[in-house]
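The values are calculated or read from the model by the stated rules, or taken from the named source; none is laboratory data. Just so you know, these numbers come straight off a predicted model, no measurement behind them. Ideal geometry is used to build each Cβ from the backbone, glycine not excepted, and the neighbour counts take in all protein chains shown. Remember, those area values only see protein heavy atoms, side chains included, never the ligands or the DNA or RNA. Shrake-Rupley method; radii C 1.70, N 1.55, O 1.52, S 1.80 Å.
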Amino acid sequence: MSHARIALDPQACTSCMLCVRECPTWCISLQAHQEHVGDPGARRPRTVNVLDAFTIDWGLCMYCGICVEVCPFDALAWRPDPVPATADPAGLRHGIAELR
Amino acid sequence: MRCAELAVPADRWRATCAELAGAGHTMLDLLTCIDDPAAGRIAVLVHLVDVPGRRRVLLRTEVAREDPVLDSIVAVLPGAAWHEREAHEMFGVRFAGNPDLRPLLTTGDMGFPLRRTTPLPARLQAAWPGTADPADRPPPAPPGAGAPRTAARPRTRLAPPGVPAEWSPPTPEEAGAP
Ligand code: SF4
Ligand code: SF4
(Lines give C-alpha, C1' and ligand atoms only; values in the text may rest on other atoms or scores of the structure.)
(Ligands and ions follow the chains in the order given, each with its own letter.)
Protein backbone atom coordinates (compact mmCIF):
# COMPACT_ATOMS: atom_id res chain seq x y z
CA MET A 1 0.00 0.00 0.00
CA SER A 2 1.49 3.33 -0.98
CA HIS A 3 0.96 6.33 1.25
CA ALA A 4 -0.43 8.81 -1.25
CA ARG A 5 -3.32 10.22 0.74
CA ILE A 6 -5.70 9.39 3.56
CA ALA A 7 -9.26 8.14 3.32
CA LEU A 8 -11.99 8.68 5.90
CA ASP A 9 -14.72 6.18 6.69
CA PRO A 10 -17.40 8.55 8.03
CA GLN A 11 -19.45 5.62 9.36
CA ALA A 12 -16.55 4.52 11.56
CA CYS A 13 -15.63 8.01 12.79
CA THR A 14 -17.01 8.85 16.26
CA SER A 15 -15.90 12.52 16.15
CA CYS A 16 -13.58 11.82 19.07
CA MET A 17 -11.27 14.67 17.95
CA LEU A 18 -8.07 12.67 18.59
CA CYS A 19 -6.75 13.04 15.04
CA VAL A 20 -7.61 16.74 14.98
CA ARG A 21 -5.70 17.32 18.21
CA GLU A 22 -2.69 15.17 17.35
CA CYS A 23 -2.08 16.42 13.78
CA PRO A 24 1.20 18.37 13.96
CA THR A 25 0.26 20.70 11.11
CA TRP A 26 -3.30 21.42 12.33
CA CYS A 27 -4.67 20.45 8.92
CA ILE A 28 -7.66 18.38 10.09
CA SER A 29 -10.84 19.99 11.31
CA LEU A 30 -14.23 18.52 12.06
CA GLN A 31 -17.65 19.60 13.17
CA ALA A 32 -20.11 17.38 14.97
CA HIS A 33 -23.21 17.62 17.10
CA GLN A 34 -24.83 15.27 19.57
CA GLU A 35 -28.09 13.38 19.22
CA HIS A 36 -30.10 11.12 21.49
CA VAL A 37 -30.43 7.53 20.35
CA GLY A 38 -32.33 4.54 21.61
CA ASP A 39 -35.62 4.29 23.40
CA PRO A 40 -37.12 7.79 23.69
CA GLY A 41 -38.76 6.73 26.95
CA ALA A 42 -35.51 5.71 28.59
CA ARG A 43 -34.70 7.70 31.70
CA ARG A 44 -31.19 8.48 30.54
CA PRO A 45 -31.18 8.57 26.72
CA ARG A 46 -27.83 7.66 25.20
CA THR A 47 -26.01 10.43 23.35
CA VAL A 48 -23.93 9.92 20.22
CA ASN A 49 -21.80 12.29 18.19
CA VAL A 50 -22.94 12.86 14.63
CA LEU A 51 -20.29 14.00 12.17
CA ASP A 52 -21.32 17.08 10.16
CA ALA A 53 -18.06 18.02 8.46
CA PHE A 54 -14.54 16.62 8.29
CA THR A 55 -11.82 18.40 6.35
CA ILE A 56 -8.18 17.63 5.57
CA ASP A 57 -6.15 20.42 3.99
CA TRP A 58 -3.69 18.62 1.70
CA GLY A 59 -1.80 21.87 1.26
CA LEU A 60 -0.70 21.58 4.90
CA CYS A 61 -0.61 17.80 5.40
CA MET A 62 2.91 16.36 5.55
CA TYR A 63 1.77 12.74 5.24
CA CYS A 64 3.25 11.75 8.58
CA GLY A 65 0.46 9.25 9.27
CA ILE A 66 0.00 10.24 12.91
CA CYS A 67 -3.74 10.66 12.36
CA VAL A 68 -3.99 7.16 10.89
CA GLU A 69 -2.05 5.72 13.84
CA VAL A 70 -3.97 7.57 16.50
CA CYS A 71 -7.53 6.86 15.32
CA PRO A 72 -8.96 4.30 17.76
CA PHE A 73 -11.76 3.35 15.38
CA ASP A 74 -9.77 2.72 12.17
CA ALA A 75 -11.74 5.46 10.47
CA LEU A 76 -8.62 6.79 8.73
CA ALA A 77 -6.53 4.71 6.33
CA TRP A 78 -3.89 5.25 3.70
CA ARG A 79 -5.01 5.10 0.10
CA PRO A 80 -2.75 4.80 -2.93
CA ASP A 81 -4.12 7.41 -5.35
CA PRO A 82 -2.51 10.85 -4.96
CA VAL A 83 -4.38 14.09 -4.37
CA PRO A 84 -5.15 15.65 -7.77
CA ALA A 85 -3.46 18.94 -8.60
CA THR A 86 -5.58 22.06 -8.36
CA ALA A 87 -5.24 25.62 -9.63
CA ASP A 88 -6.53 27.01 -6.33
CA PRO A 89 -5.34 26.14 -2.79
CA ALA A 90 -8.96 25.93 -1.65
CA GLY A 91 -9.28 22.87 -3.90
CA LEU A 92 -6.83 21.05 -1.63
CA ARG A 93 -9.26 21.16 1.29
CA HIS A 94 -11.15 17.91 0.98
CA GLY A 95 -14.38 17.25 2.83
CA ILE A 96 -16.19 14.04 3.65
CA ALA A 97 -17.24 13.44 0.04
CA GLU A 98 -13.69 13.66 -1.34
CA LEU A 99 -12.13 11.74 1.55
CA ARG A 100 -14.39 8.73 1.31
CA MET B 1 19.86 -2.88 8.72
CA ARG B 2 20.67 -2.44 12.41
CA CYS B 3 21.71 1.02 13.52
CA ALA B 4 24.45 1.40 16.09
CA GLU B 5 24.14 4.42 18.37
CA LEU B 6 27.19 6.22 19.64
CA ALA B 7 27.65 9.35 21.75
CA VAL B 8 30.93 11.24 21.92
CA PRO B 9 32.08 14.46 23.58
CA ALA B 10 32.21 17.45 21.26
CA ASP B 11 36.02 17.46 21.09
CA ARG B 12 35.95 13.88 19.69
CA TRP B 13 33.34 14.71 17.00
CA ARG B 14 35.53 15.19 13.96
CA ALA B 15 37.97 12.40 14.88
CA THR B 16 35.13 9.92 15.41
CA CYS B 17 33.54 10.85 12.08
CA ALA B 18 36.92 10.33 10.42
CA GLU B 19 37.31 6.91 12.07
CA LEU B 20 33.81 5.85 11.00
CA ALA B 21 34.34 7.08 7.45
CA GLY B 22 37.68 5.27 7.34
CA ALA B 23 35.92 2.09 8.48
CA GLY B 24 33.53 2.27 5.52
CA HIS B 25 30.69 4.52 6.74
CA THR B 26 31.16 6.87 3.81
CA MET B 27 27.54 7.77 3.02
CA LEU B 28 26.30 10.78 4.96
CA ASP B 29 22.56 10.40 5.18
CA LEU B 30 21.71 13.15 7.63
CA LEU B 31 23.18 15.76 9.94
CA THR B 32 20.75 17.57 12.18
CA CYS B 33 20.22 18.96 15.68
CA ILE B 34 17.80 18.57 18.58
CA ASP B 35 17.31 21.59 20.82
CA ASP B 36 16.92 20.94 24.56
CA PRO B 37 16.31 24.29 26.25
CA ALA B 38 15.68 22.70 29.69
CA ALA B 39 19.15 21.14 29.69
CA GLY B 40 20.71 24.15 27.98
CA ARG B 41 22.19 21.87 25.31
CA ILE B 42 21.82 21.27 21.60
CA ALA B 43 22.44 17.72 20.40
CA VAL B 44 24.07 17.32 16.99
CA LEU B 45 23.49 14.03 15.21
CA VAL B 46 24.94 12.48 12.11
CA HIS B 47 23.67 9.31 10.45
CA LEU B 48 26.40 7.49 8.52
CA VAL B 49 25.82 4.43 6.35
CA ASP B 50 28.21 1.77 5.10
CA VAL B 51 26.20 0.74 2.04
CA PRO B 52 28.15 -2.34 0.85
CA GLY B 53 28.70 -3.46 4.46
CA ARG B 54 25.01 -2.94 5.30
CA ARG B 55 25.84 -1.11 8.56
CA ARG B 56 24.82 2.26 9.88
CA VAL B 57 25.70 4.48 12.84
CA LEU B 58 23.86 7.32 14.52
CA LEU B 59 26.56 9.43 16.09
CA ARG B 60 25.58 12.07 18.63
CA THR B 61 27.28 14.85 20.51
CA GLU B 62 26.16 17.87 22.50
CA VAL B 63 27.13 21.53 22.57
CA ALA B 64 26.17 24.30 24.98
CA ARG B 65 23.12 26.24 23.87
CA GLU B 66 24.71 29.53 24.94
CA ASP B 67 27.75 29.14 22.72
CA PRO B 68 27.22 26.26 20.32
CA VAL B 69 30.47 25.62 18.46
CA LEU B 70 31.49 22.31 16.91
CA ASP B 71 34.25 21.24 14.54
CA SER B 72 33.06 20.97 10.95
CA ILE B 73 33.31 17.50 9.40
CA VAL B 74 33.45 18.87 5.83
CA ALA B 75 37.10 17.83 5.48
CA VAL B 76 36.08 14.24 6.28
CA LEU B 77 32.71 14.06 4.55
CA PRO B 78 32.31 16.90 2.01
CA GLY B 79 28.58 16.21 1.74
CA ALA B 80 28.17 17.59 5.24
CA ALA B 81 28.73 21.17 3.99
CA TRP B 82 25.11 21.79 3.09
CA HIS B 83 23.73 20.05 6.22
CA GLU B 84 25.99 22.11 8.48
CA ARG B 85 24.90 25.25 6.68
CA GLU B 86 21.27 24.34 7.32
CA ALA B 87 21.90 23.38 10.98
CA HIS B 88 23.68 26.69 11.47
CA GLU B 89 20.76 28.60 10.03
CA MET B 90 18.04 26.68 11.89
CA PHE B 91 19.73 26.03 15.27
CA GLY B 92 22.57 28.57 15.41
CA VAL B 93 25.32 25.95 15.76
CA ARG B 94 28.61 27.31 14.39
CA PHE B 95 30.67 24.70 12.58
CA ALA B 96 34.31 25.73 12.88
CA GLY B 97 36.04 25.12 9.57
CA ASN B 98 32.95 25.15 7.33
CA PRO B 99 33.78 27.75 4.68
CA ASP B 100 30.20 28.73 3.82
CA LEU B 101 27.58 29.13 6.55
CA ARG B 102 25.41 31.67 4.67
CA PRO B 103 21.67 31.24 5.39
CA LEU B 104 19.70 29.28 2.82
CA LEU B 105 16.15 30.46 3.48
CA THR B 106 15.90 33.08 6.18
CA THR B 107 17.04 36.66 6.34
CA GLY B 108 18.44 36.15 9.83
CA ASP B 109 15.99 38.45 11.64
CA MET B 110 13.76 35.79 13.20
CA GLY B 111 16.20 33.97 15.43
CA PHE B 112 16.85 30.29 14.87
CA PRO B 113 13.58 28.85 13.59
CA LEU B 114 14.02 25.27 14.82
CA ARG B 115 15.03 26.15 18.37
CA ARG B 116 12.11 25.28 20.60
CA THR B 117 12.02 28.74 22.13
CA THR B 118 11.51 30.53 18.80
CA PRO B 119 7.81 31.33 18.37
CA LEU B 120 6.30 30.22 15.08
CA PRO B 121 4.26 33.12 13.69
CA ALA B 122 1.96 30.73 11.84
CA ARG B 123 1.08 29.00 15.13
CA LEU B 124 0.21 32.34 16.70
CA GLN B 125 -2.02 33.43 13.83
CA ALA B 126 -3.86 30.19 13.12
CA ALA B 127 -6.69 28.96 15.29
CA TRP B 128 -6.08 25.46 16.64
CA PRO B 129 -8.86 23.21 15.30
CA GLY B 130 -8.64 21.01 18.41
CA THR B 131 -10.69 23.33 20.65
CA ALA B 132 -13.91 22.29 18.90
CA ASP B 133 -15.90 19.73 20.91
CA PRO B 134 -19.04 17.85 19.83
CA ALA B 135 -20.29 18.16 23.44
CA ASP B 136 -20.61 21.90 22.84
CA ARG B 137 -23.55 21.10 20.57
CA PRO B 138 -25.72 18.84 22.74
CA PRO B 139 -29.09 17.49 21.65
CA PRO B 140 -32.11 19.65 22.40
CA ALA B 141 -33.82 18.93 25.71
CA PRO B 142 -37.00 16.88 25.29
CA PRO B 143 -40.18 19.01 25.37
CA GLY B 144 -41.55 19.50 28.85
CA ALA B 145 -38.28 18.64 30.55
CA GLY B 146 -37.21 21.02 33.24
CA ALA B 147 -33.75 22.39 33.72
CA PRO B 148 -31.05 19.72 33.45
CA ARG B 149 -30.50 18.13 36.85
CA THR B 150 -26.77 18.09 36.49
CA ALA B 151 -24.77 21.13 35.57
CA ALA B 152 -22.63 20.91 32.46
CA ARG B 153 -19.34 19.23 33.30
CA PRO B 154 -16.68 21.92 33.40
CA ARG B 155 -14.01 21.18 30.86
CA THR B 156 -10.46 22.36 31.07
CA ARG B 157 -9.41 24.43 28.15
CA LEU B 158 -7.33 22.24 25.88
CA ALA B 159 -4.08 23.59 24.56
CA PRO B 160 -2.37 22.52 21.36
CA PRO B 161 0.32 19.94 22.15
CA GLY B 162 3.87 21.10 21.74
CA VAL B 163 3.03 24.80 21.82
CA PRO B 164 4.26 26.57 24.98
CA ALA B 165 1.39 28.21 26.90
CA GLU B 166 2.93 31.64 26.50
CA TRP B 167 2.62 31.27 22.71
CA SER B 168 -1.08 30.47 22.69
CA PRO B 169 -3.19 33.12 21.06
CA PRO B 170 -5.51 34.81 23.56
CA THR B 171 -9.07 33.57 23.91
CA PRO B 172 -11.80 36.09 23.00
CA GLU B 173 -12.35 36.76 26.73
CA GLU B 174 -8.64 37.29 27.37
CA ALA B 175 -8.48 39.57 24.35
CA GLY B 176 -11.26 41.66 25.88
CA ALA B 177 -13.86 40.93 23.23
CA PRO B 178 -17.40 41.98 24.16
S1 SF4 C 1 -0.80 12.65 7.84
FE2 SF4 C 1 0.04 13.92 9.51
S3 SF4 C 1 -0.07 16.02 8.72
FE4 SF4 C 1 -1.43 14.78 7.42
S5 SF4 C 1 -3.45 14.95 8.35
FE6 SF4 C 1 -2.49 13.12 9.24
S7 SF4 C 1 -1.52 13.84 11.15
FE8 SF4 C 1 -1.96 15.67 9.88
S1 SF4 D 1 -9.46 9.86 15.44
FE2 SF4 D 1 -10.75 8.62 14.06
S3 SF4 D 1 -12.74 8.48 15.10
FE4 SF4 D 1 -11.59 10.14 16.10
S5 SF4 D 1 -12.27 12.01 15.00
FE6 SF4 D 1 -10.42 11.26 13.96
S7 SF4 D 1 -11.15 9.95 12.29
FE8 SF4 D 1 -12.87 10.24 13.71
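Placing +1 on the Cβ of each Lys and Arg and -1 on the Cβ of each Asp and Glu in chain A, which of A:ALA12, A:GLY95, A:THR47 has its Cα farthest towards the positive end of the resulting dipole?
With unit charges placed on the Cβ atoms, the residue in question is A:THR47.
May I ask you to evaluate 6.51 cos²θ - 1.76 cosθ + 1.60, the Karplus curve with θ = phi - 60°, for each residue of the range A:51-63 and list the ³J(HN,Hα) values in order in whole Hz, giving x for glycine and proline?
Whole-Hz 3J(HN,Hα) from phi for the range A:51-63: 6, 9, 8, 9, 10, 10, 9, 5, x, 9, 4, 10, 6.
Starting from the Cα of A:ARG79, step 7 Å toward the Cβ, then list every residue of the range A:7-35 with an amide N under 19 Å from that point.
It comes to A:7-15, A:19-20, A:27-31, nothing else.
Over all alpha-carbon pairs in the range A:5-99, figure out the percentage whose distance exceeds 23 Å. Don't skip to the answer; put the middle values down first.
Details: 1287 of 4465 pairs.
That fraction is 29 percent.
Rounded, prolate or oblate: which fits chain B, taking a ≥ b ≥ c as square roots of the Cα gyration tensor eigenvalues, rounded meaning a/c under 1.5, else prolate when a/b beats b/c? Walk me through the numbers before you get to the answer.
Numbers: a/c = 3.65, a/b = 2.37, b/c = 1.54.
Judged from the Cα gyration tensor, chain B comes out prolate (a/c at least 1.5, a/b above b/c).
Compute, for the range A:5-99, the length of the dipole vector about the Cα centre, with Cβ point charges of +1 (Lys, Arg) and -1 (Asp, Glu) only. Units Debye, rounded to 20. Kindly include the intermediate steps, with their values, before the conclusion.
Details: 7 positive and 11 negative charges, 60 e Å.
Using only the charged Cβ atoms, the result is roughly 280 debye.
How far is the Cα center of the range B:5-72 from the Cα center of the range A:14-83, in Å?
Here the answer is 40 Å between Cα centres.
Largest first, please: the extent of the C-alpha atoms of the range B:31-86 along each principal axis, to the nearest Å.
Answer, in whole Å and largest first: 40, 20, 15 Å.
To the nearest 20 debye, what is the magnitude of the charge dipole of the range B:3-96 about its Cα centre, counting +1 on the Cβ of each Lys and Arg and -1 on the Cβ of each Asp and Glu? All intermediate terms of the calculation are to be shown ahead of the outcome.
Details: 10 positive and 14 negative charges, 60 e Å.
Using only the charged Cβ atoms, the result is roughly 280 debye.
Given a 1.4 angstrom probe, I'd like the percentage of the accessible area of chain B that is carbon and sulfur, rounded to a whole number. Working shown, then result.
Numbers: 6410 of 11080 Å².
Summing carbon and sulfur atoms, their accessible area is 58 percent of the total for chain B.
For the range A:5-99, what is the accessible area per residue in Å² when the probe is 1.4 Å?
Details: 5210 Å² over 95 residues.
Per residue, the range A:5-99 has 55 Å² of solvent-accessible surface.
Give me Rg/Rg_expected for the protein assembly as shown, where Rg uses Cα atoms only and Rg_expected = 2.2 N^0.38 Å with N residues.
Values: Rg = 25.2 Å, N = 278, 2.2 N^0.38 = 18.7 Å.
So the protein assembly as shown has a normalised radius of gyration of 1.35.
Measuring with a 1.4 Å probe in the full set of protein chains, what accessible area per residue, in whole Å², belongs to the range B:3-96?
Numbers: 4390 Å² over 94 residues.
Solvent-accessible surface per residue comes out at 47 Å².
For chain B, find the longest principal axis of its Cα atoms and tell me its angle to the long axis of helix B:80-91, 0 to 90°, nearest 10.
The two axes meet at around 40 degrees.
Give the ranking of B:PHE95, A:PHE73 by solvent-accessible surface, highest area first, calculated with a 1.4 Å probe. It would help to have the intermediate numbers written out before the result.
Details: B:PHE95 5, A:PHE73 100 Å².
Greatest to least solvent exposure: A:PHE73, B:PHE95.
Quote the accessible area belonging to B:ASP100 in square angstrom, nearest 10, computed with a 1.4 Å probe and with ligands, DNA and RNA left uncounted.
Counting only protein heavy atoms, B:ASP100 exposes about 50 Å² to solvent.
What angle do you read, to the nearest 10 degrees and between 0 and 90, between the alpha-carbon axis of helix B:13-22 and the longest principal axis of chain B?
60 degrees
A:MET62: accessible area at probe 1.4 Å, nearest 10 Å²?
Near enough 110 Å² of accessible area.
Chains B and A: buried accessible surface, both sides, probe 1.4 Å, rounded to 100 Å²? Walk me through the numbers on the way to the answer.
Working: alone 11840 and 6460 Å², together 16790 Å².
When B and A are taken together, about 1500 Å² of accessible area is lost.
Would you kindly state the longest site-free stretch of chain B, with sites defined as GluC sites (Glu not before Pro) in a DSSP loop (not H, G, I, E, B) surrounded by at most 15 other Cβ atoms within 10 Å?
Numbers: sites that count: B:GLU66, B:GLU173, B:GLU174.
The longest such stretch corresponds to B:67-172.
Using helices alone, I'd like the mean residue ellipticity at 222 nm for the protein assembly as shown: each DSSP H run of four-plus residues gives -39500 (n - 2.57), total over residue count, nearest 500. Could the numbers behind the result be given before it?
Working: 6 runs with 41 residues, N = 278.
Calculated at 222 nm, the ellipticity per residue is -3500 deg cm²/dmol.
So what does B:LEU104 come to for accessible area, using a 1.4 Å probe and Å² rounded to 10?
60 Å²
Taking +1 at the Cβ of each Lys and Arg and -1 at the Cβ of each Asp and Glu, which of A:HIS36, B:PRO113, B:ALA96 sits farthest along the dipole of the protein assembly as shown towards its positive end, judged by Cα position relative to the Cα centre?
The Cα lying farthest towards the positive end belongs to A:HIS36.
Just to be sure I understand: if I project the alpha-carbon convex hull of the range B:3-96 onto a plane and average over all orientations, what area do I get in nm²?
On the way: hull surface 21.9 nm².
The directionally averaged projection comes out at 5.5 nm².
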